[in-house]
1. Of A:G52, A:G39, which residue is among the small types (G, A, S), more than 12 Å from chain D (Cβ to nearest Cβ) and surrounded by 23 or more Cβ atoms within 10 Å (Cβ to Cβ)?
2. Do we have any residue at all in segment D:201-217 that's in the same structural domain as D:D294 (by TED's automatic domain parsing), part of a loop (DSSP other than H, G, I, E, B) and crowded, with 24+ Cβ neighbours inside 10 Å?
3. Please enumerate the residues belonging to segment C:191-242 that are among the β-branched types (V, I, T) and in contact (Cβ under 8 Å) with a residue 60 or more places away in the chain.
4. For the subset of segment C:118-156 comprising residues that are assigned to a loop (DSSP other than H, G, I, E, B) and under 16 Å from the mean Cα position of the chain (by Cα), which member is nearest to C:E323 (Cα to Cα)?
5. Being more than 13 Å from every other protein chain (Cβ to nearest Cβ), part of a loop (DSSP other than H, G, I, E, B) and touching a helix residue (DSSP H, G or I) at 6+ places or on another chain (Cβ under 6 Å) is the filter; apply it to segment D:295-353 and report the residue that is nearest to A:E327 (Cα to Cα).
6. Do we have D:Y141 as within 24 Å of D:G306 (Cβ to Cβ), surrounded by 18 or more Cβ atoms within 10 Å (Cβ to Cβ) and either in contact with a Phe, Trp or Tyr (Cβ under 8 Å, 6 or more places away or on another chain) or at pLDDT 95 or above (or both) here?
7. Among (1) within 14 Å of another protein chain (Cβ to nearest Cβ); (2) in contact with a Lys or Arg (Cβ under 6 Å, 6 or more places away or on another chain), which single condition is C:R47 missing?
8. Can we say B:R291 is at the interface with another protein chain (Cβ under 7 Å from one of its Cβ atoms), in a strand (DSSP E or B) and either within 30 Å of D:L307 (Cβ to Cβ) or among the hydroxyl-bearing types (S, T, Y) (or both)?
Number of protein chains: 4
Amino acid sequence: MARIEPLKLGMVGGGEGAFIGAVHRMAAGIDGDWRLVAGAFSTDEGRNRRTGDLLGLDEARVYDSFDAMLAAERALPEGERIDAVAIVTPNHLHAPMSIAALDAGFHVVCEKPMSLNLEEAHAIAAAAERSGRHYALAFTYSGYPMVEEARARVARGDFGAIRLIQVEYSQGWLSSALDAEGNRQAEWRTDPARAGLGGCLGDIGTHAFQLAEHVSGCRVESLCSDLTTHVPGRRLDDDVSVLLRFADGARGVLKATQVAAGDENGLRLRVHGEKGGLDWAQMEPNTLTLRWLDRPAEMVRAGGPGLAETTMARLRTPAGHPEGYIEAFANLYRAVAATIRGGDAVAPAGAAAWFPGVADGVRTMAFVEAVVANAGSEQKWSGLAE
Amino acid sequence: MARIEPLKLGMVGGGEGAFIGAVHRMAAGIDGDWRLVAGAFSTDEGRNRRTGDLLGLDEARVYDSFDAMLAAERALPEGERIDAVAIVTPNHLHAPMSIAALDAGFHVVCEKPMSLNLEEAHAIAAAAERSGRHYALAFTYSGYPMVEEARARVARGDFGAIRLIQVEYSQGWLSSALDAEGNRQAEWRTDPARAGLGGCLGDIGTHAFQLAEHVSGCRVESLCSDLTTHVPGRRLDDDVSVLLRFADGARGVLKATQVAAGDENGLRLRVHGEKGGLDWAQMEPNTLTLRWLDRPAEMVRAGGPGLAETTMARLRTPAGHPEGYIEAFANLYRAVAATIRGGDAVAPAGAAAWFPGVADGVRTMAFVEAVVANAGSEQKWSGLAE
Amino acid sequence: MARIEPLKLGMVGGGEGAFIGAVHRMAAGIDGDWRLVAGAFSTDEGRNRRTGDLLGLDEARVYDSFDAMLAAERALPEGERIDAVAIVTPNHLHAPMSIAALDAGFHVVCEKPMSLNLEEAHAIAAAAERSGRHYALAFTYSGYPMVEEARARVARGDFGAIRLIQVEYSQGWLSSALDAEGNRQAEWRTDPARAGLGGCLGDIGTHAFQLAEHVSGCRVESLCSDLTTHVPGRRLDDDVSVLLRFADGARGVLKATQVAAGDENGLRLRVHGEKGGLDWAQMEPNTLTLRWLDRPAEMVRAGGPGLAETTMARLRTPAGHPEGYIEAFANLYRAVAATIRGGDAVAPAGAAAWFPGVADGVRTMAFVEAVVANAGSEQKWSGLAE
Amino acid sequence: MARIEPLKLGMVGGGEGAFIGAVHRMAAGIDGDWRLVAGAFSTDEGRNRRTGDLLGLDEARVYDSFDAMLAAERALPEGERIDAVAIVTPNHLHAPMSIAALDAGFHVVCEKPMSLNLEEAHAIAAAAERSGRHYALAFTYSGYPMVEEARARVARGDFGAIRLIQVEYSQGWLSSALDAEGNRQAEWRTDPARAGLGGCLGDIGTHAFQLAEHVSGCRVESLCSDLTTHVPGRRLDDDVSVLLRFADGARGVLKATQVAAGDENGLRLRVHGEKGGLDWAQMEPNTLTLRWLDRPAEMVRAGGPGLAETTMARLRTPAGHPEGYIEAFANLYRAVAATIRGGDAVAPAGAAAWFPGVADGVRTMAFVEAVVANAGSEQKWSGLAE
């Protein structure tokens, strides 16, 4: 067999001190599928350079701007230039950068939410289509093995027809006015110009929505929402409640909040059908609890007996050796690498090489727009734009 | 000191095989405050007699009807006749029987929901008022020691101003069409004539609502609801979702369902304020989890250090000796006994002798009416009648 | 059918402020099988009288001494006199009182440990034999429904041949020198004259041992122990570690301690066989976790699907309505009542009417003696006397 | 600042299909501190080559043997040759390879146990001493952030003087005779020639022992053990029970087993002092539970408030984003890299750059020898060789 070279990654954003950029780098590094070789980490020149040095990059490939990176990398010979760009900037840059990168012939791994609004999301979708490049969206939580197990079990009908879908994403870190106190993470997330239509809604409500539809296989038909801003002076919502009506009759509730003081990163999904239900919580991600109408509950465990093949493909260690958030994220990078290496087709949901992308992104932006519009009106139920 | 005689209890409903009647009897018996001495357990004569015999009752005090019991007991000398009536029938009998018992001079412990509708609830309230007798409503869950601890901590401001209130009550036992298959418990609960306006809503939604307002001390100002009947042929809702807006700005979600296949009796309350939040789940009732913005989470335990005096008053055993549902129920009977013995005043929420009563009942029936009306309309937000 | 009268109970010990006497009374009262009618609660006359009054006893049946109670009750006509005596005194009185009560023709429910030593245990056994009366020993934890479920599943071979038995009982309340500071509970438990050979060993080590043998069905053949007294000045052990070798090859560890500061009442049993294992913890007693070599772990739940009939017979409420310590205790009283009413034979382990008695008591006292002897010697392994 | 180049790693063992070699590679790769550049992965030439290709290695640096790797790498210019060797072979090769690598001037990261016996361990210690190179031993579990938090809290006296130390490591994967059925992992682990004196004892008992001493800061003074082989035909122990007596009076129990059918990787440590205790379990590693004599239990969480600086240094993500086994392992590689880069001294326990090494290894081999000797004798208590 031939030696397998790592794919080459360029990154925009993610300078020293940023959170999610470092996660992308670890996720890309853990399996040896990727090597970070280029970056435009910060518009602050010193910070940009320091980040490049800390990461051991060739200084010629630490660029002053995203545009400079695209231009210079494009000019390098194939085999040397980057294969893909990781976009880990605030939200308002996602769309222009994604489109530029795709049009420049690079694959893209972008942070969520996809864009500021649905119109931008459609523009990215069009760019992905015309470029023939892959576009991955960091809906990290769908990379967890037990999320795949949950999806697989719903899909094969273990629970019968689905009736109830409950998803919640509960954080507390924005309980005080961090955004007004100079916290960088908080600041841009609550600025409509950089975050988009939704605050908490865009930041974590989108994760919850994508997870719910991805696992249940059900599509939201209409919704009724309440958006609140609890912290005085904040410019975007910090608390989201949504009643959901799904096609085929399932009903649900989505709750996302960033002011549940003391809560960490409480993403939890429950799906119930006629015969039983599943329960998965991100903070203890290696257990999927199944409850049944007619027999004792089961704890299906990462690495344990009874898993789907597509779940096993997302695991690295035997049962009882906990894998976590970075590994879930790495599963996304691994799937993107496999897809790039394997050719053009994007794998269907559930395949070992599936990753969240254009369809998930457009759908979540339609969700964001519907929630915002409904919350601001006297109308009880609103549909989602296609 | 003088010898303390047990109070005398008569029961209507609760014949052999019924669930909640037996619970009332155990709850009344555990502390020695009450002795069951009379009953009209069933309209089926044989079942009525057998129940009386099994319970060791004097056969003269096993009555053919509720009216016969009231009349005969009233005719007995004070000190011999019953002090109170426990009403454990289907819902449609709660109001007429409560009113008759109060008017006959007996205290009442009644199963929830209070009545078929708000009008009846007001009529009971009036009867309690004019009779000067005590009326207790079996919102059992407020009898748990750690629920009292939760209430006490919110009341003393541990969490700061309250922002989020999430309550859920998830059962799965009505996932199949038990009501059409002759299950007695299921049958009357889904019959509008006997259950009232709400199915799941009246049966367990009322518990969730009472718990949320009782613990948080916040009052729902308006709500927006979705009521569903998932099981074909069922005549009342089996799934309830409600967005809640509280006075003073708190927001919440109430979710109650009886079709979460595999779920048992999943009542859970979370309340978050500016500084932290509490989390209590009925199925593991001896732990109250507190999470904080600025320090590690705490597990406050029944019998452990740091409890309010009013919590301690609801406990029987040292830490680590689990008390459960029957003990919570017994706390209600204990409080009613203390109130009867002590005189006329009903204790305020949080007092050792507090029990849920008229105010809780009227309020929950207003909730039921508002949810049903809102669910059937295109109006987004509805207020609660006073 | 004939009316079923409650059995009549007399109690010795358990005056105001005592812990376990109150538990016996609640346990006896919850199901209506028993009525407390007589007592010699304290050698302090005032305390004795006050306790009688608080409990609503006829003052003629509040006796100055245990002997007075036996004599007076024996003189009452059958049908009026007590059926059984509950002995809830410090350990040194268990044997003389049990023997006197049995010889006077009363059934006995006695607190554990059975006696000060094995010799006394044999004397009680002889008294029970010659009197034809029933002797129940309050190994409360074997009354939990899920303990019965555990026992039933081992007995029917679900796990294959048993290999590992791990039992631990971890408390922290004796971490400081309470015994030297006037705490009554602590004081007599650490006094060899009143507690017997073992401190922690006798108080809770006996529970752990009885539970392990009862559930596993395996018998300890030899043991190797380490007894420690951590708190300076304490006269008996407060920490126990024992290696166990069972007949048929199973191995085990028993750990009991009362100086695990912060621990409450942490009794836990794990039993593993060739195919899987069980895990039960007293502080969350309504779940029995089963783990398997070849399939996902199961959470068998009190009231849920898949329970043995003998488990169901020990439950009072549907799934999700937690039962606790008092209900477990009540199952013992219920079984004793059923046995007294039903005739002479003591039911075999696992029967609905089984309760721990003479055999469990003698066996645990042999265990206590073996542990103490082994701990004090250089011998590695010691057998248990028969 | 200067660009930071990754350190260069060579690996021996860890060919396609091996478990722990892949974990070492992920752990080394996740933070970008290391790059795998050379290997002798298997004595099977095809497997060796395929592994090199899969990992993208230059084929010139995929060596036929460990000796060839040492010789060739040593001949490369500094800056190009490997910095360290990762030894991930069966146990019998640990000592000769470690010594050869150290003597050739390379740093070593070796899998546990250190060696076949104490004599070999001393020989490695001597080689490390004379070479001036760093020797790290993969006691992975001490790399978990919350293990460091536990250690830090004991060290600063939060619990007062330590009294109880309980450690258990419960696996079930060797419940059946996998070793006789061709399972490679099982086969060598149960072969005395390749595994050493202990089976389960050497494989996981050593982890438990190291964790207990590392966190508690207490040293075992004497022990009393029982070693069992439950599976017929197996040549080494598969079940270990040890009573421990620590210097300064603490007592403990160590339980390690590989025949707890259904258990996964259940490493758990509890340490109790006069004032409270800690509880940490590897399968949910991001929570450290603290229980106190005088206040509610706390759940200290990875990334949450209240952590020691040395804990924070071992974390990569904010609270609620679970890190797991691979990240714990990576902390070891990170510390080794920091130590190599920073100069010669090995950091003391608790420092950000601390990693387990020679001292831990020698100590655990002394433990293994003492357990085996004691188990085979009639002597009750045995000391540990220095």
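1. Selected residue: A:G39, the only one of A:G52, A:G39 that is among the small types (G, A, S), more than 12 Å from chain D (Cβ to nearest Cβ) and surrounded by 23 or more Cβ atoms within 10 Å (Cβ to Cβ).
2. Taking every residue of segment D:201-217 in turn, none turns out to be in the same structural domain as D:D294 (by TED's automatic domain parsing), part of a loop (DSSP other than H, G, I, E, B) and crowded, with 24+ Cβ neighbours inside 10 Å.
3. C:I204, C:T206, C:V215, C:V220, C:V240, C:V242
4. Per the stated criteria, the residue is C:Y144.
5. D:R314
6. Yes: the conditions hold for D:Y141.
7. For C:R47, the failing item is (2).
8. Yes.
The values are calculated or read from the model by the stated rules, or taken from the named source; none is laboratory data. Here the structure is a predicted model, which means the values were calculated and not measured. Cβ sites come from the backbone with ideal geometry, for glycine too, and all protein chains shown count toward neighbours.
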